[in-house]
Amino acid sequence: MARSNTGPEGIPATASLVRAIHAAALNAGEWPSVLERLRAHLDARVVTLGRHEFATGSDSSMVESPGSQAFGIGMAEFSARNPWFLSSDDYLPGRVMTGDELISHNDLRRTDFYRGFLQPRGLLHLLCGVVDQRPRSAHVLSAYRAETQPPFDAREKSELASLLDHVTLALQAQWRWQEAHELAQALLGLSDHDANPAILVTADGEPIYSNPAARLLLERHHGLRLDGSHVVAASAGERRLLSETIARVAREDAVHDSAAPAVLTIANTPPLPPVVVVVRAAGQVFRQHVGARRGLVMLAVRGSHSGHDPATCVFARQYELTAAQSKVSALVFAGQSLSTIAQSLNLSENTVRSHLKQIFQKTDTHGQMELVHLHARVCPTLP
C-alpha cells in the first residue's frame with residue numbers, strides 16, 4: 001500500500017498526524033480517528049491503544065482501528081497466553097520494539113496464542129510502543145500486520161518512536177484533565193445535597209456552578225437573580241455593592257492569597273426578610289475563552305429559606321453558647337423576628353431578649369445584624 005506524504009490541506013503527513021494526536025488530548029472522541037490514521041501511516045491491518053496487566057495477564061483495548069472492538073474482545077480471551085507480554089522488563093516507557101524481538105516467528109507459531117488468535121485473523125507481525133508504565137501494568141500502542149506482509153523494519157520503528165512521545169503527552173494530558181474534572185464533579189456534587197444555596201462565580205459575577213438550592217433561589221429572585229449571564233442582587237439598589245464586593249474579594253485573593261470573606265445583607269422579596277450573602281474567595285482558575293487565569297468567588301447564601309441546625313453549629317461551639325442560646329442564635333441567623341422565635345421556642349419575648357443579650361456579650365456583638373454577619377463568617381458553607 002502506498003502511503004501519502006501529505007495530510008489534509010497539504011500539511012506533511014507526520015505533522016498533520018501529530019496535530020491530530022494532540023487534538024485528541026482535548027477530545028477523547030478523536031482517538032479512533034488518530035488510530036485509523038496511524039494504521040494507514042504504518043500500513044498495518046490493526047492498531048490498538050490498550051492496557052496490559054502483568055499480574056493477571058489481562059488486556060483491555062481502550063481504542064482500536066478498525067473500530068468494531070472485536071479485535072480487543074478476542075485478544076482478551078487469549079491475553080493470559082500472549083507470549084509478547086512474558087516480561088514486564090521489556091515494557092519500559094518510550095521503548096519501541098517488534099514482535100520478533102520478544103519471540104521469534106518460529107516460536108510464536110507454536111503457541112496457542114498464534115493458532116487460536118493470530119492465525120485465524122491472518123496476522124503475524126507486531127510493532128509496539130510503550131506509552132506509559134505503572135508498577136503492575138503498561139499502556140501500549142500496538143500495530144499488527146498480516147502474515148503475508150513484510151515485517152516492520154527499522155524505518156517504521158523510528159517513525160513510531162517519533163510519534164510515541166506525542167501520544168504519551170496527549171494521553172497523559174487527557175488523564176490529568178479527566179482526573180481533575182471528575183474530582184471537581186465529585187466535590188461540587190457534595191454541595192448538591194446542601195440546603196444552603198451556594199454559587200461559584202467569576203470575578204465579574206459569571207456563574208460557574210450553582211447547587212439546586214441556589215438555582216431555586218435565583219429562579220425566585222430571593223435576594224439574588226440572573227441578569228443575562230451574571231449573578232446580581234435582585235434589588236437594583238444593591239447590584240453595584242454586590243458586584244464590587246465580588247470583584248474586590250477576587251482581586252485581594254489574587255494579591256494576598258488569603259482574602260478575608262465579606263458578608264452582605266441583601267434585600268429579599270417582600271415580605272421575606274433579607275438574605276445574608278457570604279462572599280468567599282475560591283482561588284484562581286484558567287478560563288479558556290479569555291486565555292488567562294481568573295479569580296473565583298463562592299457566594300454562600302443564608303436566610304429564612306434555609307434552616308440552620310443549632311446542634312451542629314460551629315458558631316455555637318466556638319462561642320460556648322448554651323443549648324437555648326444556640327437555638328436563638330440559629331433562628332436569628334435564619335432571619336426570624338423575636339416574636340416568631342418566641343413562638344417557635346414556646347418562650348416569652350423577654351426570655352428571648354435575655355438570651356440574645358447574653359449571646360451579644362459572649363460574641364462581642366452589638367446588634368442582630370452584626371451577630372448575623374459574624375455567624376455567617378464563622379459557619380462554613382457546608383454542614
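Quick note: the coordinates plus some simple rules give every number you see, no bench work behind them. None of the values given here were measured: they were computed from a predicted structure. Here the Cβ positions follow ideal geometry from the backbone for every residue, glycine too, while neighbour counts run over all protein chains shown.
So if the hydrodynamic radius of region 8-183 is defined as the Kirkwood radius over C-alpha pairs, what does Stokes-Einstein give as its diffusion coefficient at 20 °C and 1.002 mPa s, in µm² per second? Walk me through the numbers before you get to the answer.
Values: Rh = 16.5 Å.
Diffusion coefficient, whole number: 130 µm²/s.
Counting pairs of Cα atoms in region 15-58, how many percent are more than 11 Å apart?
On the way: 646 of 946 pairs.
Summing the P(r) tail past 11 Å for region 15-58 gives 68 percent.
Does region 192-302 come out rounded, prolate or oblate by the C-alpha gyration tensor, with a ≥ b ≥ c the root eigenvalues, rounded set by a/c under 1.5 and, if not, prolate when a/b is larger than b/c and oblate if not?
Verdict is prolate for region 192-302.
Can you compute the modelled spin-label distance between GLN69 and ASP153, with each label point 7 Å from Cα toward Cβ, in nm?
Once both label points are built, they end up 3.8 nm from each other.
Can you work out the FRET efficiency for the pair GLU53 and LEU241, with r the C-beta to C-beta distance and R0 = 45 Å, to the nearest 0.05?
On the way: r = 58 Å, r/R0 = 1.30.
Calculated value: 0.15.
Considering only the other residues whose Cβ falls under 9 Å of the Cβ of PHE117, what net charge follows from Lys and Arg at +1 and Asp and Glu at -1?
Numbers: positive: ARG81, ARG115, ARG121; negative: GLU77, ASP112.
Net local charge, PHE117 excluded: +1.
Stretch SER344-ASP364 to full length: gain in nm at 0.36 nm per residue minus the Cα-Cα span? Display every interim value, and only then the final one.
Working: separation 20, 0.36 × 20 = 7.20 nm, distance 2.59 nm.
Taking SER344 through ASP364 to full extension adds about 4.6 nm, to one decimal.
Using amide H atoms built in the peptide plane, which far-off residues or other-chain residues are under 5 Å from VAL263 H to H?
Answer set, sorted by chain and number: VAL279.
How big is the antiparallel share of DSSP beta bridges in the chain, given as a percent to the nearest 5? Kindly include the intermediate steps, with their values, before the conclusion.
Numbers: 55 of 55 bridges.
So the antiparallel bridges amount to about 100 percent of the total.
When only C-alpha pairs under 8 Å and at least 6 residues apart count, what is the relative contact order of the chain, in percent?
On the way: 629 pairs, mean separation 38.8, N = 383.
For the chain, the relative contact order is 10 percent.
Computed from the mean reciprocal separation of all distinct C-alpha pairs, what Kirkwood hydrodynamic radius does the chain have, in Å? Spell out each step's value before the answer.
Values: mean 1/r = 0.0388 Å⁻¹.
For the chain, inverting the mean 1/r across all distinct Cα pairs yields 25.8 Å.
What are the ³J(HN,Hα) couplings of region 25-40, residue after residue, when phi is run through the Karplus curve with 6.51, -1.76, 1.60 and θ = phi - 60°? Round to Hz, x for glycine and proline.
Ordered by residue, 3J(HN,Hα) equals 5, 8, 9, 4, x, 8, 4, x, 5, 4, 5, 5, 5, 5, 4, 5 Hz.
Using θ = phi - 60° and the Karplus curve 6.51 cos²θ - 1.76 cosθ + 1.60, what whole-Hz ³J(HN,Hα) does each residue of region 74-81 get, with Gly and Pro shown as x?
For region 74-81, the Karplus-derived couplings read x, 4, 4, 5, 10, 4, 5, 10 Hz, x marking Gly and Pro.
Sticking with the crude label model, points 7 Å out along Cα→Cβ, report the distance from ARG109 to SER354 in nm, one decimal please.
Going from the ARG109 label point to the SER354 one covers 10.2 nm.
At a Förster distance of 51 Å, what's the computed FRET efficiency of MET62 paired with ALA311, Cβ-Cβ distance as r, to 0.05? Please list the in-between numbers first.
On the way: r = 49 Å, r/R0 = 0.96.
Once the sixth-power term is evaluated, E becomes 0.55.
Using the beta-carbon distance between ARG377 and ARG248 and R0 = 25 Å, what value does 1/(1 + (r/R0)^6) give for FRET efficiency, to the nearest 0.05? Don't jump to the answer; show the numbers that get you there.
Values: r = 16 Å, r/R0 = 0.64.
Step by step, r from the Cβ atoms, then E = 0.95.
Tell me the relative contact order for region 310-378 as a rounded percent, counting alpha carbon contacts under 8 Å between residues six or more apart.
Values: 51 pairs, mean separation 23.8, N = 69.
Taking the mean separation of contacting Cα pairs over the length of region 310-378, I get 35 percent.
Distance between the C-alpha centers of region 124-192 and region 11-89? Whole Å please.
7
Between ARG81 and ALA186, what is 0.36 nm times their sequence separation minus the Cα-Cα distance? Round to one decimal in nm.
Details: separation 105, 0.36 × 105 = 37.80 nm, distance 3.90 nm.
Length gained between ARG81 and ALA186: 33.9 nm.
Once you wrap a convex hull around the alpha carbon atoms of region 310-378, what is its projected area averaged over all directions, in nm²? Walk me through the numbers before you get to the answer.
Numbers: hull surface 15.7 nm².
Hull-based average projected area comes out at 3.9 nm².
Which whole-number percent gives the relative contact order of region 8-183, counting Cα pairs below 8 Å spaced six or more residues apart?
Numbers: 268 pairs, mean separation 43.7, N = 176.
RCO, region 8-183: 25 percent.
So if each residue of separation counts as 0.36 nm, and I subtract the Cα-Cα distance between GLN284 and LEU169, what length gain in nm does that give? Don't skip to the end; give the middle numbers.
Details: separation 115, 0.36 × 115 = 41.40 nm, distance 2.48 nm.
Length gained between GLN284 and LEU169: 38.9 nm.
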